[in-house]
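J.: Pasting a structure below so you can have a look.
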Amino acid sequence: MLETYIRSRLAEKKILLMTHIVIGYPTLAASLEIVRTMVDAGVDLMELQIPFSEPIADGPVILRANQAALANGVTVDQCLNFGRRAARQFPIPFLYMTYYNILFKHGVDRFADDMQLAGLRGAIVPDLPPEEAADYLDAMASHDLSPIFIYSPTTADARMNSIARVADGFVYCVARKGVTGDQTAFSRQIGDYLARCRAATHLPLALGFGVQDRSDIKFLEGKADIAVIGTQALRLVEDQGVAALGDFIRDLRE
Amino acid sequence: MIKRGYYGNFGGAFLPEILVATFDELEGVYHEAKNDPLFWQDYEQLMSSYSCRPTPITDAQNLTRHFGGARIFIKREDLNHTGAHKANNVMGQGLLVKRMGKTRVIAETGAGQHGVATATMAARFGFDCTIYMGEVDVERQRPNVFWMEQLGATVVPVTDGTRILKDAINEAFRDWVTHMDSTHYVLGTACGPHPFPEMVSWFQSIVGKEARRQFLETEGRLPDRIFACVGGGSNAMGIFSGFFDDDVELVGVEAAGRGLDSGEHAARLCSGDASVGVAQGYKTYFLQDGDGQMRETHSIAAGLDYVGVSPILSDLKEKGRVRFEGATDREVVEALRLTMQKEGVIPALESAHAFARAFKEAPGMSPDDIILINQSGRGDKDIFTIADAFDDPKWKQFIIEKAKQYHA
């Protein structure tokens, strides 16, 4: 169980790190190299994003990575193979992150089947609210996979409670309004928001959107269980190459 | 937590969590307006004093004689302020923005009609206004960009993706998830997450209500067949909705581009190339590949060049209530030329799709039958596009001379 893994890791570390890649960006081979570097640097879990042509919840950096991967001809089947390789090769849990159309066109049940066979642990689907998720929830449950749902600062308490009833593994708390990649001010407001999330669910909390450096992570210790590094790692790979990634990640928690 | 906004198997609200509260608010204010008879009165009053409602119906006697079949009538949405049915939706949403107390509007635009309409509404109501427009469209629709900017709007060229309408929609959503407290997204067509398909269709239903009344008053009967072009589907939903309960055949005409077999078209409901999917917040037929990635579309008319289609129309297709056909770029140019020469009206390239299909069917119908074509917009303000479509040598020479003057 994903939650059990997270709890056992939390017995050893104050906060876990989840990172994100876009599969096939810049190439499939490079993606695997990035995963290896991240795992070696001590990342606790990872999101593997299957690229989609209309990623409405993503900001410009991840959006362009999606487009570049698709322009390289990356297919869903290749992404599923990639997930299988990563899950077999590395000892941490992997999740798929993608938009609902990818699951829908593949067949939601077949997608869950493929995920389970590949050894993936769950999925984050940002354009699939619980209202629309009946098929997805059935498929995930029958394959022992965790559907990761999302809280946002605009989510009312009652809705947080309803989401908690269908969520599994952990809840992904979006730090602020906007898309991925913008700045986030880590202030008391975020502390209050995370306290509100904590009251709504017994599941571990991940916080993402705008987490960039060691001070952000320090701030989140004790308030969230998992810090999510998305765009910042992608920017680093683009600017300084994969080699710089290991030190960046190790430095985040030291 | 219940599913909302379904029309048969289509529609829904596939929203990022951050927008759920904003849509709840919008849905609330929309239902409040819909249940308030005064709201519709205010809306009609606004449209009669600011736009040109009720728009007339033109008896196209010369076209009727030319084809020698059914009598042809034209609903003149081109006579709205800013030259298209888009004004109906935009002014209606403007009234809702006032009710919500928001101060800024954003919109996507393809050809620029919806952008211009939104910019006029924002100027009139005193809202800040940002328009997202694909870079490709910015390049080919400069006159509309010029007007939007003169009206006080900021036009943001979208450089991501295929740089056309769908990419402008994605970018408008990205703005909205950041600024929803102050901002309303004036979606331009009967697509997107609930309540947009229903709400936009409601505002556009002013067209169908009027047309039905006008026919009963002047002809004492209803038309037999109604033709409307279908991009996102808002003008078609507008005119069709006046006749759903009547024995009237409804025909939606999509962009067949370079032909339905060419792969270069925007036909979602009349070709075998589209399949059901979920994108841009709703479920409908999309032109997509087997993986679910959206494909490039093509039409001579930028306003029809879109990967999805109203979920309400997808449902009406499955139920058999609306028939869908395609018109090719070439057929559309011919239909436009003929309409100008015979009737002296200038349909937009989008609207000319409906004319092209009606012209194919009219000769086979009886002189006792009546055809109604929805002329959703006017073409004269798209002079650059239409002159290109007509490949007019004198126009080209004029542009060359004009460019020389700017160089001098």
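J.: Taking only the range A:188-223 into account, find how many residues are in contact with a strand residue (DSSP E or B) (Cβ under 6 Å, 6 or more places away or on another chain), more than 15 Å from A:MET160 (Cβ to Cβ) and of a type outside the set (Phe, Trp, Tyr).
T.: Residues that pass the stated criteria total 4.
J.: Of the conditions (1) surrounded by fewer than 24 Cβ atoms within 10 Å (Cβ to Cβ); (2) touching a strand residue (DSSP E or B) at 6+ places or on another chain (Cβ under 8 Å), B:ASN235 satisfies every one except a single condition; which number is it?
T.: Of (1) surrounded by fewer than 24 Cβ atoms within 10 Å (Cβ to Cβ); (2) touching a strand residue (DSSP E or B) at 6+ places or on another chain (Cβ under 8 Å), only one is false for B:ASN235: (1).
J.: May I pose another question? What is the one condition in (1) surrounded by fewer than 24 Cβ atoms within 10 Å (Cβ to Cβ); (2) outside any helix (DSSP H, G or I); (3) not hydrophobic (A, V, I, L, M, F, W, C) that B:ASN374 does not satisfy?
T.: Exception for B:ASN374: condition (1).
J.: Same structure again: Only one of these is within 16 Å of the chain's Cα centre (by Cα), away from chain A (no Cβ under 14 Å) and over 18 Å from B:VAL200 (Cβ atoms): B:ILE300, B:ILE346. Name it. Reasoning before the result, please.
T.: Working: B:ILE346 fails: within 16 Å of the chain's Cα centre (by Cα).
One residue alone meets the criteria, B:ILE300.
J.: Right, something else. Restricting the first residue to the range A:177-191 and requiring it to be without any contact (Cβ under 8 Å) to a residue 12 or more places away in the chain, which pairs with a second residue that is part of a helix (DSSP H, G or I) meet a Cβ separation below 9 Å and a spacing of at least six or different chains?
T.: Hits for this filter: A:SER187/A:PHE219.
J.: Can I ask one more? Restricting the search to the range B:121-131, which residues are surrounded by 24 or more Cβ atoms within 10 Å (Cβ to Cβ) and under 19 Å from B:ALA84 (Cα atoms)?
T.: B:MET121, B:ALA122, B:ILE131
J.: State which residue is surrounded by the fewest Cβ atoms within 10 Å (Cβ to Cβ) when the search covers only the range B:156-193 and only residues that are within 10 Å of chain A (Cβ to nearest Cβ) and assigned to a loop (DSSP other than H, G, I, E, B). So that I can check it myself, show each step before the final result.
T.: Kept after step one, since they are within 10 Å of chain A (Cβ to nearest Cβ), are these residues of the range B:156-193: B:159-162, B:166-167, B:169-181, B:193.
Remaining after also requiring assigned to a loop (DSSP other than H, G, I, E, B): B:159-162, B:180-181, B:193.
On the way: B:THR159: 14, B:ASP160: 18, B:GLY161: 23, B:THR162: 19, B:MET180: 20, B:ASP181: 11, B:PRO193: 27.
Only one residue tops the list, namely B:ASP181.
J.: Return only the number of the condition from (1) under 18 Å from B:MET237 (Cα atoms); (2) buried (at least 20 other Cβ atoms within 10 Å of the Cβ) that B:MET47 does not satisfy.
T.: Condition (1) is where B:MET47 drops out.
J.: Count, please, the residues in the range A:5-61 that happen to be crowded, with 23+ Cβ neighbours inside 10 Å, within 14 Å of another protein chain (Cβ to nearest Cβ) and more than 12 Å from the chain's Cα centre (by Cα).
T.: 10
J.: Could you check B:GLY263 against (1) more than 19 Å from the chain's Cα centre (by Cα); (2) within 24 Å of B:PRO223 (Cβ to Cβ) and say which number it fails?
T.: (2)
J.: Keeping to the range B:385-398, report how many residues are loosely packed, with under 12 Cβ neighbours inside 10 Å and either in contact with a strand residue (DSSP E or B) (Cβ under 7 Å, 6 or more places away or on another chain) or in a helix (DSSP H, G or I) (or both). Break it down stepwise before answering.
T.: Residues of the range B:385-398 loosely packed, with under 12 Cβ neighbours inside 10 Å: B:391, B:393-394, B:397.
Okay, now just the ones that are also either in contact with a strand residue (DSSP E or B) (Cβ under 7 Å, 6 or more places away or on another chain) or in a helix (DSSP H, G or I) (or both), so B:393-394, B:397.
Going through the range B:385-398 one residue at a time, the tally reaches 3.
J.: Of all residues in the range B:1-58, how many are within 14 Å of chain A (Cβ to nearest Cβ) and of a type in the set (A, V, I, L, M)? Please lay out each step first, then the result.
T.: Let us first name the residues in the range B:1-58 that are within 14 Å of chain A (Cβ to nearest Cβ), namely B:1-6, B:9-28.
Add one more test, that the residue is of a type in the set (A, V, I, L, M), and what stays is B:1-2, B:13, B:15, B:18-21, B:26.
Counting residues in the range B:1-58 that are within 14 Å of chain A (Cβ to nearest Cβ) and of a type in the set (A, V, I, L, M) gives 9.
J.: Now for a different question. Given B:GLU44, B:GLU25, which one is over 19 Å from B:MET91 (Cβ atoms) and out of contact with any Gly (no Cβ under 7 Å at 6 or more places or on another chain)? Step through it out loud before you land on a result.
T.: Details: B:GLU44 fails: over 19 Å from B:MET91 (Cβ atoms).
None of the other options fit; the residue is B:GLU25.
J.: Among the listed residues B:ARG323, B:ARG330, identify the single one that is assigned to a strand (DSSP E or B), surrounded by fewer than 24 Cβ atoms within 10 Å (Cβ to Cβ) and not hydrophobic (A, V, I, L, M, F, W, C).
T.: On the way: B:ARG330 fails: assigned to a strand (DSSP E or B).
Sole residue among the options that is assigned to a strand (DSSP E or B), surrounded by fewer than 24 Cβ atoms within 10 Å (Cβ to Cβ) and not hydrophobic (A, V, I, L, M, F, W, C): B:ARG323.
J.: Let me confirm something: among B:GLY292, B:GLY259, B:GLY252, which residue is surrounded by 24 or more Cβ atoms within 10 Å (Cβ to Cβ), closer than 30 Å to A:ASN101 by Cβ, more than 14 Å from chain A (Cβ to nearest Cβ) and not aliphatic (A, V, I, L, M)? Reasoning before the result, please.
T.: Numbers: B:GLY292 fails: more than 14 Å from chain A (Cβ to nearest Cβ); B:GLY259 fails: surrounded by 24 or more Cβ atoms within 10 Å (Cβ to Cβ).
Exactly one residue qualifies, and that residue is B:GLY252.
J.: List the number of the failed condition for B:GLY220; all other conditions in (1) within 24 Å of B:VAL20 (Cβ to Cβ); (2) assigned to a loop (DSSP other than H, G, I, E, B) hold.
T.: For B:GLY220, the exception is condition (1).
J.: Now, a different point. Tell me the residue from A:ALA185, A:ALA175, A:ALA134, A:ALA200 that is over 21 Å from B:TRP176 (Cα atoms) and either in contact with a helix residue (DSSP H, G or I) (Cβ under 6 Å, 6 or more places away or on another chain) or more than 9 Å from chain B (Cβ to nearest Cβ) (or both), please.
T.: The unique qualifying residue is A:ALA200.
J.: May I ask you to list pairs of residues, at least six apart or on different chains, whose Cβ atoms are under 8 Å apart, with the first in the range B:101-130 being farther than 22 Å from B:GLY233 by Cβ and part of a loop (DSSP other than H, G, I, E, B) and the second being at pLDDT 95 or above and among the aromatic types (Phe, Trp, Tyr)?
T.: B:LYS102/B:PHE127; B:THR103/B:PHE127
J.: Just to be sure before I move on: is A:LEU207 at pLDDT 90 or above, at negative phi, surrounded by 14 or more Cβ atoms within 10 Å (Cβ to Cβ) and in contact with a Lys or Arg (Cβ under 6 Å, 6 or more places away or on another chain) in the structure I sent? Break it down stepwise before answering.
T.: Values: at pLDDT 90 or above: yes; at negative phi: yes; surrounded by 14 or more Cβ atoms within 10 Å (Cβ to Cβ): yes; in contact with a Lys or Arg (Cβ under 6 Å, 6 or more places away or on another chain): no.
No, not satisfied.
J.: Check A:VAL211 against each of (1) away from chain B (no Cβ under 14 Å); (2) among the β-branched types (Val, Ile, Thr); (3) closer than 25 Å to A:ARG64 by Cβ; (4) touching a residue at least 60 places away in the same chain (Cβ under 8 Å) and name the one condition it does not meet.
T.: Just one mismatch for A:VAL211, condition (4).
J.: Next up: Among the residues that make up the range B:241-263, is at least one of them outside any loop (DSSP other than H, G, I, E, B) and on the phi > 0 side of the Ramachandran plot? Lay out the reasoning, then the answer.
T.: First, the residues of the range B:241-263 that are outside any loop (DSSP other than H, G, I, E, B): B:249-257.
Keeping just the survivors that are on the phi > 0 side of the Ramachandran plot gives B:257.
Checked the range B:241-263: at least one residue is outside any loop (DSSP other than H, G, I, E, B) and on the phi > 0 side of the Ramachandran plot.
J.: Scan the range A:109-153 residue by residue and report those that are aliphatic (A, V, I, L, M) and either surrounded by fewer than 21 Cβ atoms within 10 Å (Cβ to Cβ) or touching a His at 6+ places or on another chain (Cβ under 8 Å) (or both).
T.: Kept after step one, since they are aliphatic (A, V, I, L, M), are these residues of the range A:109-153: A:112, A:115, A:117-118, A:120, A:123-125, A:128, A:133-134, A:137, A:139-141, A:145, A:148, A:150.
Across the range A:109-153, the qualifying residues are A:ALA112, A:MET115, A:LEU117, A:ALA118, A:ALA134, A:LEU137, A:ALA141.
J.: Run down B:LEU26, B:LEU19 and say which single residue is modelled with pLDDT under 95, crowded, with 17+ Cβ neighbours inside 10 Å and of a type outside the set (Ser, Thr, Tyr). Give the steps one after another, and end with the answer.
T.: Values: B:LEU26 fails: modelled with pLDDT under 95.
On inspection, the qualifying residue turns out to be B:LEU19.
J.: Residues that are in contact (Cβ under 8 Å) with a residue 60 or more places away in the chain: which helices (runs of 4 or more DSSP H) entirely in the range A:26-107 hold 1 or more of them?
T.: On the way: elements: A:28-40, A:60-71, A:76-89, A:100-106.
So the answer is A:28-40, A:60-71, A:76-89.
The values are calculated or read from the model by the stated rules, or taken from the named source; none is laboratory data. As the structure is a prediction and not an experimental result, all values here were calculated from the model. Because the Cβ atoms are built from the backbone with ideal geometry, glycine has one as well, and the counts that use them run over all protein chains shown.
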